[in-house]
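The values are calculated or read from the model by the stated rules, or taken from the named source; none is laboratory data. Because the structure is a prediction, the values reported are computed rather than measured. Neighbour counts run over all protein chains shown; Cβ positions are idealised from the backbone, glycine included. SASA here: full protein model, heavy atoms, side chains in, ligands and nucleic acids out. Shrake-Rupley method; radii C 1.70, N 1.55, O 1.52, S 1.80 Å.
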Amino acid sequence: MKSVETVSSKQAIRQNIQGSRPYLIWLIIWGFQSVTASTLEFIGQWVNVDPWQPLPLWIALAASAVVLWRKIRLGALPRFTISGGLSAVSIIIIIGAIWTHWYVQAANPFFIALLKSFIIAASLAQLGAWLGRPILYIGIWQFVLTVVVAIQYLGLASVVLGGAGGLSMLGLGWLLYIGSKQSEGAI
């Protein structure tokens, strides 16, 4: 016999998954950007890809601008705050702090790759609390991978962690898409 707590907890997770639907496009855009940038960096060992290196970032920025413009035009822009108190301002501050460290060269490329991966891992773990255990497990996997790469394979950090972070975002997008379809009863 199911308890009332279990049923209401599952209903809350389903509602959270339904509410995450507007964010799927962002996970897909930036997941592909991360995977593509890591792939280009890996290929750069054998072929000169320097002219192509900024291309994934510019494509992702352009795609994000198009999506944002379309959402604003349609009035479908989701609210950029999370019920746990995290807001767009705090995210902007974190991004600004990281950029400043990079700009003044207080952080080398290894630091940036590790920090991005730790942020993805922490974000996935937090989302796992709202959206279910599979997402929490992806966050734990990302954290363990980051620690192992930092200790054993630091030279490969940007390629491995960038690719794994992008795949984690794509995997999260896929899980949320499947979850929203299941909660609609389409699957």
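Some observations on this one:
- Members of the range 26-63 found to be surrounded by 14 or more Cβ atoms within 10 Å (Cβ to Cβ) and over 21 Å from LEU161 (Cα atoms), listed by number: ALA63
- Among the residues of the range 102-121, the ones that are within 16 Å of SER168 (Cα to Cα) and open to solvent by 60 Å² or more (accessible area, probe 1.4 Å) come to 3 in all.
- Pairs with Cβ under 6 Å, 6+ apart, first in the range 68-79 and closer than 12 Å to PRO22 by Cα, second at pLDDT 80 or above: LEU77/LYS71
- Here VAL66 clears all of (1) assigned to a helix (DSSP H, G or I); (2) surrounded by 13 or more Cβ atoms within 10 Å (Cβ to Cβ); (3) at pLDDT 90 or above except the condition numbered (2).
- Scanning the range 15-63 for residues that are outside any helix (DSSP H, G or I) and among the polar types (S, T, N, Q) returns SER20, GLN45, ASN48, GLN53.
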